[in-house]
Amino acid sequence: MSRMIGIDLGTTNSCVAFMENGHAVVIPNAEGSRTTPSVVAFTKSGERLVGTAAKRQAVTNASRTFSSVKRDMGSDARFSVDGKQYTPQEISAMILQKLKADAESYIGEPVTDAVITVPAYFSDAQRQATKDAGLIAGLNVLRIINEPTSAALAYGFDKGQPCKVMVYDLGGGTFDVSILDINSDTIEVLATAGNNHLGGDDFDQCIVGWLLERFREEHKLDLSKDPMAMQRLSEAAEKAKIELSASSETMINLPFLAQGPSGPMHLEATLTRVRFNELTAHLVTATKGPVQQALQDAGISASALNRVLLVGGSTRIPAVQDEVRKLTGKEPSRDINPDECVAMGACLQGGVLSGAINSIVLIDVTPLSLGIETLGDVFAKIIDRNTPLPCQHSQVFTTAANFQTSVEINVLQGEREIASANKSLGKFRLNGIRRALRGIPQIEVTFSIDTNGIVHVTAKDLGTNSTQDITISGSGNMSREEIDRAIRDAQRYAAEDRQRKQTQQTRDAAESMLNQARKTRKKLKDEDRSRLDASIAELEDALKDGNEQRIRTASEDIDRILRSVGTYTSAPEGGNDDGAYDA
Ligand code: ADP
Ligand code: MG
């Protein structure tokens, strides 16, 4: 049986978990970290880097490094490298591919199925794009679920008393607050609110702004146009911010930040938590509106909350925790690592779907209202925001002009009364309406949303039964052909990655063999030694040349000679440390 994983595909960090003996277990990546930066880079030599390796070289390779791509999911943004354009889905798929590969090597079994989480505020197009990214990465996406729901699952609320829970999730790029109603066998999201552009990155930027200002005062130089300096500043800012979660002041030290007329310029600064709190107070306060909105939509007051969960790395900031206490009057729970609970919950949800765990049934809600455009730029709501999924609603409309035989249905998502102020998810035309005076034809428009939040719209003329429908895949999304091509590309890259790894292993083994041979040759009789020297020269040459087959053949020759002269015991499995070869 192949394995299932839960994936938190985050704006800044991603995390993956799997089920082991009925528990969700976070899988460390190949580098040993429990979360993986959601960063993809293309080196000048054409190699693709994902995660920490990509983040680490972001300074020197800024124009070929892509981060926070999640913010562009569902849009028609493109990322171009070497004349090739990548969609946000394709870049996200590269992250997912790494998570999948790391999970497979950790579990030791192939992984095919996945549950992937998205912010509760994600629109239909963004959900669809996330699903497509999974598909491109070779994953069978069992379900797209909301991050707060996932977090609540990780906290094991399904097993407890009925209660109302607030999930306050402040990550790297998004803020979400959700009110959940948890009963013995259901978790219902009563309401969600948030801000797609509020997160830890903004806190970093406040520190960067402060540093820029100090540098300008001291050196009379504006660094904001220097990408290299800016990258270093924002990395230093994030580091300082993280340190300030644990201590009351931190040193920022950036030598050689710029070249001035009288030599290199350095930046040194001490930032206190008090100053940091002042610089970022407006960001912390900005979470208040969505919190109140969510409570209001859920129809409860903060005092009715039984628990408040802190999710997302930025909830480690003390001022953020204080704000949550202030807003809710509750001491928030943070027993589970806030960066990991979403992936753990996704994995538990996968367990439910695959029947490995029983009990809980999840009910998600649609994050924004849906409807169509009617005469006079008026938005006619068909499904209200926060309606539990899956759902289906119909409404009957009519024509605006006499003898109108077709209507255009403009599917909209948003909360504004004015149609054009909302986001158009797609348009389609219903033809074949019976000729009649305006106001006579009856056109039934039906919206249905499945459990993944994917929208399907049908329009039907009740007079002629003429029907037309669309499944929404927002403008920025990819067609089936584009997805198929991306899947093939992704598979090819996976094969290339495997090949590269194998070549590296062959080289590593050859280098070890060479070391062993060089050490041994002194102990040999003349004729054995000259035989060995010839093979050593051949292997050295092969390594320079880079031909894998030649390297392998030359290594085998040396291996044979060493065995025949009896000075060699093979290294333990996987060992390429010199010492391991010593007889
Ligand atoms: P996302 O889900 O948006 O990818 P995460 O939940 O992983 O984000 O949170 C990432 C954010 O959390 C980053 O901005 C990071 O700097 C911040 N962060 C991580 N640890 C800390 C900490 N100890 N103190 C303050 N911020 C932190
Ligand atoms: Mg997150």
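Between Asp339, Asp364, which is of a type in the set (D, E, K, R), touching a helix residue (DSSP H, G or I) at 6+ places or on another chain (Cβ under 7 Å) and modelled with pLDDT under 80?
Details: Asp339 fails: modelled with pLDDT under 80.
Checking each option against the conditions leaves just Asp364.
Considering each of Tyr168, Tyr155 in turn, give the residue that is within 13 Å of ligand 1 (Cβ to nearest atom) and either without any contact (Cβ under 8 Å) to a residue 12 or more places away in the chain or in contact with an Asp or Glu (Cβ under 9 Å, 6 or more places away or on another chain) (or both). Give the steps one after another, and end with the answer.
On the way: Tyr155 fails: within 13 Å of ligand 1 (Cβ to nearest atom).
It is Tyr168.
Would you be able to say whether some residue in segment 339-357 is more than 16 Å from ligand 2 (Cβ to nearest atom), open to solvent by 30 Å² or more (accessible area, probe 1.4 Å), in contact with a strand residue (DSSP E or B) (Cβ under 7 Å, 6 or more places away or on another chain) and not in a helix (DSSP H, G or I)?
Taking every residue of segment 339-357 in turn, at least one turns out to be more than 16 Å from ligand 2 (Cβ to nearest atom), open to solvent by 30 Å² or more (accessible area, probe 1.4 Å), in contact with a strand residue (DSSP E or B) (Cβ under 7 Å, 6 or more places away or on another chain) and not in a helix (DSSP H, G or I).
Any residue in segment 266-287 that is within 16 Å of ligand 2 (Cβ to nearest atom), within 30 Å of Leu9 (Cα to Cα) and modelled with pLDDT of 95 or more?
Kept after step one, since they are within 16 Å of ligand 2 (Cβ to nearest atom), are these residues of segment 266-287: 287.
When the remaining residues are screened for being within 30 Å of Leu9 (Cα to Cα), the result is 287.
Filter once more, so that each one left must be modelled with pLDDT of 95 or more: 287.
Taking every residue of segment 266-287 in turn, at least one turns out to be within 16 Å of ligand 2 (Cβ to nearest atom), within 30 Å of Leu9 (Cα to Cα) and modelled with pLDDT of 95 or more.
Among the numbered criteria (1) within 15 Å of the chain's Cα centre (by Cα); (2) within 16 Å of ligand 1 (Cβ to nearest atom); (3) among the β-branched types (Val, Ile, Thr), which one does Val26 miss?
Looking at each condition in turn, Val26 falls short on (1).
May I ask you to list pairs of residues, at least six apart or on different chains, whose Cβ atoms are under 6 Å apart, with the first in segment 100-123 being under 30 Å from Thr387 (Cβ atoms) and the second being open to solvent by 30 Å² or more (accessible area, probe 1.4 Å)?
Note: pairs meeting the criteria are Asp113/Asn140; Asp113/Leu142; Val115/Leu142; Val115/Arg143; Tyr121/Asn196.
From the residues in segment 147-185 that are assigned to a loop (DSSP other than H, G, I, E, B), polar (S, T, N, Q) and over 21 Å from Leu327 (Cβ atoms), which one is nearest to ligand 2 (Cβ to nearest atom)?
We begin by selecting, within segment 147-185, every residue assigned to a loop (DSSP other than H, G, I, E, B); these are 155-156, 160-162, 171-174, 183-185.
Next, only the ones that are polar (S, T, N, Q) stay: 161, 174, 183-184.
Restricting the remaining residues to those that are over 21 Å from Leu327 (Cβ atoms) gives 161, 183-184.
On the way: Gln161: 27, Asn183: 26, Ser184: 28 Å.
By that ranking, first place goes to Asn183.
Kindly list, by first and then second residue, each pair from a residue in segment 287-313 that is at positive phi to a residue that is modelled with pLDDT under 95 and more than 16 Å from ligand 1 (Cβ to nearest atom), limited to pairs with Cβ atoms under 8 Å and residues at least 6 apart or on different chains.
Pairs that qualify, where the first residue is at positive phi and the partner is modelled with pLDDT under 95 and more than 16 Å from ligand 1 (Cβ to nearest atom), are Gly299/Leu190.
Mind listing whichever residues of segment 103-117 are within 16 Å of ligand 2 (Cβ to nearest atom) and either open to solvent by 10 Å² or more (accessible area, probe 1.4 Å) or in contact with an Asp or Glu (Cβ under 7 Å, 6 or more places away or on another chain) (or both)?
Passing the criteria: only Thr117.
If you take the residues in segment 73-97 that are over 25 Å from Thr112 (Cα atoms) and touching a residue at least 40 places away in the same chain (Cβ under 8 Å), which one is surrounded by the fewest Cβ atoms within 10 Å (Cβ to Cβ)?
The first filter runs over segment 73-97 and keeps only residues over 25 Å from Thr112 (Cα atoms), leaving 75-85.
Then drop every residue that is not touching a residue at least 40 places away in the same chain (Cβ under 8 Å), which leaves 75-77, 82.
Details: Ser75: 16, Asp76: 13, Ala77: 14, Asp82: 8.
Out of the qualifying residues, it is Asp82.
Among the residues of segment 397-414, write down those that are over 12 Å from Ile372 (Cα atoms) and not aliphatic (A, V, I, L, M). It would help to see each step written out before you state the result.
Filtering segment 397-414 for residues over 12 Å from Ile372 (Cα atoms) gives 398-406.
Correct list: Thr398, Thr399, Asn402, Phe403, Gln404, Thr405, Ser406.
Give the residue, chosen from Thr12, Thr60, that is at pLDDT 90 or above and either within 16 Å of ligand 2 (Cβ to nearest atom) or of a type in the set (Ser, Thr, Tyr) (or both).
Working: Thr60 fails: at pLDDT 90 or above.
Of Thr12, Thr60, the one residue that is at pLDDT 90 or above and either within 16 Å of ligand 2 (Cβ to nearest atom) or of a type in the set (Ser, Thr, Tyr) (or both) is Thr12.
With respect to Lys100, is the statement that it is closer than 16 Å to Thr130 by Cα and away from ligand 2 (no atom under 16 Å from the Cβ) true? Before you say what the answer is, go through the steps one by one.
Details: closer than 16 Å to Thr130 by Cα: yes; away from ligand 2 (no atom under 16 Å from the Cβ): yes.
Considered against the rule, which asks whether it is closer than 16 Å to Thr130 by Cα and away from ligand 2 (no atom under 16 Å from the Cβ), Lys100 comes out as yes.
Restricting segment 389-436 to residues that are outside any strand (DSSP E or B) and aliphatic (A, V, I, L, M), which is modelled with the lowest pLDDT? Talk me through it step by step, then tell me what you get.
Filtering segment 389-436 for residues outside any strand (DSSP E or B) gives 389-390, 398-406, 414-417, 419-422, 431-436.
Checking which are aliphatic (A, V, I, L, M) leaves us with 389, 400-401, 419, 421, 433, 436.
Values: Leu389: 77, Ala400: 82, Ala401: 84, Ala419: 82, Ala421: 74, Ile433: 88, Ala436: 86.
By that ranking, first place goes to Ala421.
For segment 1-47, give me each residue that is of a type in the set (Gly, Ala, Ser) and open to solvent by 40 Å² or more (accessible area, probe 1.4 Å).
Ser2, Gly22, Ala30, Gly32, Ser33, Ser45, Gly46
Ala125 versus (1) open to solvent by less than 10 Å² (accessible area, probe 1.4 Å); (2) within 16 Å of ligand 1 (Cβ to nearest atom); (3) not aromatic (Phe, Trp, Tyr): which is the lone unmet condition?
All conditions pass for Ala125, except number (2).
For Ile144, are the conditions met, namely being more than 16 Å from ligand 2 (Cβ to nearest atom), open to solvent by less than 10 Å² (accessible area, probe 1.4 Å) and not hydroxyl-bearing (Ser, Thr, Tyr)? Even if it seems obvious, please write down each step before you answer.
Details: more than 16 Å from ligand 2 (Cβ to nearest atom): no; open to solvent by less than 10 Å² (accessible area, probe 1.4 Å): yes; not hydroxyl-bearing (Ser, Thr, Tyr): yes.
Considered against the rule, which asks whether it is more than 16 Å from ligand 2 (Cβ to nearest atom), open to solvent by less than 10 Å² (accessible area, probe 1.4 Å) and not hydroxyl-bearing (Ser, Thr, Tyr), Ile144 comes out as no.
Could you grab me the full set of residues in segment 506-544 that are in a helix (DSSP H, G or I), open to solvent by 60 Å² or more (accessible area, probe 1.4 Å) and out of contact with any Lys or Arg (no Cβ under 9 Å at 6 or more places or on another chain)?
Arg507, Glu511, Arg518, Lys519, Asp526, Glu527, Ser530, Arg531, Ala534, Glu540, Lys544
Could you list, in sequence order, the residues of segment 434-451 that are buried (at least 21 other Cβ atoms within 10 Å of the Cβ) and within 39 Å of the chain's Cα centre (by Cα)?
Within segment 434-451, Val445, Phe447, Ile449 qualify.
In segment 452-474, which residues are closer than 30 Å to Asn146 by Cα and open to solvent by less than 30 Å² (accessible area, probe 1.4 Å)?
Taking segment 452-474 and keeping what is closer than 30 Å to Asn146 by Cα, we get 452-459, 469-474.
The answer is Asn452, Gly453, Ile454, Val455, Val457, Ala459, Ile472, Gly474.
Does Arg216 qualify as being free of Cβ contacts under 8 Å to residues at least 24 places away in the same chain, away from ligand 2 (no atom under 16 Å from the Cβ) and not acidic (Asp, Glu)?
Values: free of Cβ contacts under 8 Å to residues at least 24 places away in the same chain: yes; away from ligand 2 (no atom under 16 Å from the Cβ): yes; not acidic (Asp, Glu): yes.
So Arg216 fits the description; yes.
How many residues are in a helix (DSSP H, G or I), more than 16 Å from ligand 2 (Cβ to nearest atom) and either among the aromatic types (Phe, Trp, Tyr) or in contact with a Pro (Cβ under 9 Å, 6 or more places away or on another chain) (or both) when one looks only at segment 292-323? So that I can check it myself, show each step before the final result.
Initially, segment 292-323 is screened for residues in a helix (DSSP H, G or I), giving 292-298, 302-304, 313-316, 318-323.
Checking the rest, the ones that are also more than 16 Å from ligand 2 (Cβ to nearest atom) come to 292-298, 302-304, 318-319, 321-323.
Filter again for either among the aromatic types (Phe, Trp, Tyr) or in contact with a Pro (Cβ under 9 Å, 6 or more places away or on another chain) (or both), leaving 321.
Result for segment 292-323: 1.
The values are calculated or read from the model by the stated rules, or taken from the named source; none is laboratory data. Small disclaimer: the values here were computed from a predicted structure and weren't measured. Every residue, glycine as well, gets a Cβ built from its backbone with ideal geometry; the counts of neighbours run over all protein chains shown. Keep in mind that these areas ignore ligands, DNA and RNA; they rest on the heavy atoms of the full protein, side chains included. Shrake-Rupley method; radii C 1.70, N 1.55, O 1.52, S 1.80 Å.
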